[in-house]
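What follows is a short report on a single structure.
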């Protein structure tokens, strides 16, 4: 069993002052936020870049992703825009998570508040994107499923971050 060392810092601050420095570990909610955000980003990039969102049968099988269409007409611009915005939101969430965990001279509360807002907005973009795509196309395929998993992970990260914010 690994041995972990924790350091306790005792300071006296006025009651109406927020503490801007926390000793955080990667155990508990902080580690869960990092893990969920990173897995969400990886799964989202896989879904974003692969051509397995839908598969249909005409004279032969054809498949489609957000950016590649094989054997048939154009893709879905609305989903592309929503998912591009969601990708930007995920990158911002990763940056905010690293700031929250590893930068000590900033307001942890404000960074965490930004992370919560960004994560919920990113979740909403992802959710609308997968709903729009799912309504427009039949025979949804594996990349679409990965996008759904990524969306669920984003929601979980947003909820854990909101719980962490409530306890700051």
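A few notes on this one:
- Calculated FRET value between residue 49 and residue 26, using beta carbons and R₀ = 35 Å, to 0.05: 0.80
- Value of D in µm² per second that Stokes-Einstein yields for the range 29-166, Kirkwood Rh from Cα pairs, at 10 °C (1.306 mPa s): 103
- A compact globular protein would have a Cα radius of gyration near 2.2 N^0.38 Å; the ratio found for the range 121-168 is 1.39.
Where a number appears in this text, it was derived from the coordinates with a stated rule and is not lab data. Remember, it's a predicted structure, so these values are computed and weren't measured experimentally. Don't worry about glycine lacking a Cβ; one is built from the backbone with ideal geometry, like all the others, and counts go over all protein chains shown.
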